[in-house]
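Some notes on the structure that comes next.
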Amino acid sequence: MPTRKQTIALIAAVPLAIAGWAAFRPELLFVNQTVSEKLPVSTSGAANIIASGTFESYAHETKGTAELVSAEGKTFVNLKDFHTSNGPDVHVYLVKADNGTPDAVNKNGFIDLGSIKGNIGDQHYEIPSGTDLSQYRGVSIWCKRFFVGFGGAGLKELAPADSGKRRTSLQVSSQLIGLPATITVTSGKVQGTSSFAGKAAIIEVDNKRYLQTDFSKAAAANFELRLVKKETLSVGPFPKDTPFEALGAPKKGKSKVGISKSLDAWLYRSVAIVDTKANKVVGFVLLRSEQEQKHTSIDSFLNLA
């Protein structure tokens, strides 16, 4: 029978759990919201595509095209053939840069165009009048709750003869600065063991994704790295029925191994260092975005719940 202290602790934990669920809404990661929205043009009018760009994936796989469009005297960001993961408090940002990378959002600033209408399908967002479109040339799909970018696109001005699409007098730079050579999606340091020391990260290079490790200390044989579909890990038996990707033996120094971009980096949140003979986790890395590490701590909430 629970003691009085245990009962009080349980009662106190309930509102914390409810508040945590309300804040993080983990179930949204598995629920799709599809929209099909047309630009507001009259029967005699037409939409003028000024610039466009293709989405790159960051924390989530993100696909489709972002367009800068003029219609009915207004300017919009139009998302076409769009697809990303759902999540809590996801917004569309017009970024003051030539791309929509997380680094550009944090360093250069942005205009918040509002909450995303759906994670799948065509949709548009009005840009405030007076915006200097020669400076705002990036689009970011941004989760405000976790301070992380799902995906982003740079807006490049269309060529004069591009499919016969009409142009407007709005000026947008014709230069698109390339994305950084290496994008760090999530990263973390080794915990739970004295046999390994260092860090690991999910990175993207030339549109390919890797798990990169940099171990200053690594034990010899019978160990395996696993990218695990789990928010947290601890030392002990490898969690039963948990999806993972085996990535080979850990190596001292810098090393990287390719992983599929079909794996959602937002769900594969841990790296396990596993003793393969005992199938036991001897150490682990909790993978988090730079924004999460700076602005919030999911782990603190999980320890309270």
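The values are calculated or read from the model by the stated rules, or taken from the named source; none is laboratory data. For clarity, every value in this text was computed on a predicted model and none was experimentally measured. Cβ atoms come from the backbone with ideal geometry, glycine included; neighbour counts cover every protein chain shown. Keep in mind that these areas ignore ligands, DNA and RNA; they rest on the heavy atoms of the full protein, side chains included. Shrake-Rupley method; radii C 1.70, N 1.55, O 1.52, S 1.80 Å.
Just the number, please: carbon plus sulfur as a percent of the accessible area of region 41-132, 1.4 Å probe, no ligands or DNA/RNA counted.
43
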Between ASN222 and SER260, take the C-beta separation as r, use R0 = 25 Å, and let me know the FRET efficiency to the nearest 0.05.
0.45
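I'd like the FRET efficiency for LYS280 and LYS208, computed as 1/(1 + (r/R0)^6) with the beta carbon distance as r and R0 of 30 Å, rounded to 0.05.
0.45
Would you mind checking the pairs LYS80/LYS229; LYS107/LYS254; LYS144/LYS280 and listing those with alpha carbons more than 32 angstrom apart? Kindly include the intermediate steps, with their values, before the conclusion.
On the way: LYS80/LYS229 30 Å; LYS107/LYS254 28 Å; LYS144/LYS280 36 Å.
In this structure, LYS144/LYS280 exceed 32 Å between Cα atoms.
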Per-residue SASA entry for HIS83, accessible area with 1.4 Å probe, Å² rounded to 10:
80
Ratio of the Cα radius of gyration of region 244-295 to 2.2 N^0.38 Å, where N counts its residues
1.30
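Going highest first, how would you order 104-112, 235-243, 89-97 by mean Cβ packing within 10 Å?
So the peptides 104-112, 235-243, 89-97, ranked by packing, come out 89-97, 104-112, 235-243.
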